[in-house]
Every structure is written in structure tokens, then in C-alpha cells.
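J.: Here it is: the structure, laid out below.
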Amino acid sequence: MAALGFGLSAVFIKAAMSSVSVKTATVISLLSSMAVTMIFAFVLHSEEIMSLAPIAFLWFILAGLITFLGGRLLNFQAINLVGASKASAVVSSTPLFAAILAVIFLNETVNLMLGMGTMMIVTGIALVVMQE
């Protein structure tokens, strides 16, 4: 369902950006996502949210700035430039970067399955990007 949701999102974004700029689309998307997410979060988990340590809030704020603001803006720009299907394929490289960063910052180890999966991701992205 998550993959279907992300796929639909890319198509909707491409359709919507025919009449607005990438920055405007990003702001509208961020505001609507924030409103819905905050409502659900506080209705379902208000006690847990209020008990978070201040450092946890800082990490969540940093993650939000990187993913929601930076990631969404760049994703929308990519959709605008190369289309929904190619941009979505490149965004699907997330596990590759997560694996690299987990090894660097969390001292996770690379095993055979992770190595093979990473190579498949790189190969798939290369095939999609190189097609005309």
C-alpha cells in the first residue's frame, strides 16, 4: 500500500505542477501533510509525544527538515524535469543511502544479502536512468 501511495503521489504531483511552480507545490504539499499528520499523531499518541525527551524532538525536527522540506522539494523538481516514473525510480534508491549511512554512523555490518540488494538497486536505477 505504501508503494501504491508513493506512486499515486508522483502522478498527482506531475499533474498538479502543470499550473504551479515546484516551490508552490512543495509548500502546499508540506502544509497539507503536516496538518493531517499532526492530527493523527496527537489523537493517537499525544501522551507519548508529550513525554519525548527534548533531544528526541531535535532529531525529529532535523529529520523532518531533511526529508519533508529538502527531499520533497528535490523530488518535486525531479518529477517536473524527468517525469514521475523516472523520478520515482531514482527516489527508490533510499535503501542504498540508508545502508551506507547505517554502516558509517551506526556501525552496522554489510552482509551478503545487503550487498546483493545494494547492487540490484544500483543496477535498476542505472537501467531506468539510461533508457531513452
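J.: Can you list residue pairs whose Cβ atoms sit under 7 Å apart, with the first residue in segment 19-47 being more than 19 Å from LEU73 (Cβ to Cβ) and assigned by TED's automatic domain parsing to the domain that holds ILE79 and the second being assigned to a helix (DSSP H, G or I) and aliphatic (A, V, I, L, M)? Count only pairs 6 or more apart in sequence or on different chains.
T.: ALA41/ILE49; PHE42/ILE49
J.: If a residue counts only when it is of a type in the set (D, E, K, R) and over 30 Å from ALA15 (Cα atoms), which helices (runs of 4 or more DSSP H) contained entirely in segment 51-126 have at least 3 such residues?
T.: Here the list is empty.
J.: In addition: What's the number of the condition LEU44 fails, among (1) in contact with a Ser or Thr (Cβ under 8 Å, 6 or more places away or on another chain); (2) over 15 Å from SER85 (Cα atoms); (3) not β-branched (Val, Ile, Thr)?
T.: That leaves (1) as the condition not met.
J.: A further question on this structure: SER9 passes all but one of (1) of a type in the set (S, T, N, Q); (2) surrounded by fewer than 11 Cβ atoms within 10 Å (Cβ to Cβ); (3) within 18 Å of the chain's Cα centre (by Cα); which number fails?
T.: Failed condition: (2).
J.: Scan ALA41, ALA89, ALA16 and give me the residue that is at pLDDT below 85 and either small (Gly, Ala, Ser) or on the phi > 0 side of the Ramachandran plot (or both).
T.: Exactly one residue qualifies, and that residue is ALA89.
J.: Any idea how many residues of segment 103-132 are of a type in the set (A, V, I, L, M, F, W, C), farther than 21 Å from LEU4 by Cα and surrounded by 15 or more Cβ atoms within 10 Å (Cβ to Cβ)?
T.: 1
The values are calculated or read from the model by the stated rules, or taken from the named source; none is laboratory data. Computed from a prediction, not measured in an experiment: that's the story for all the values here. Every residue, glycine as well, gets a Cβ built from its backbone with ideal geometry; the counts of neighbours run over all protein chains shown.
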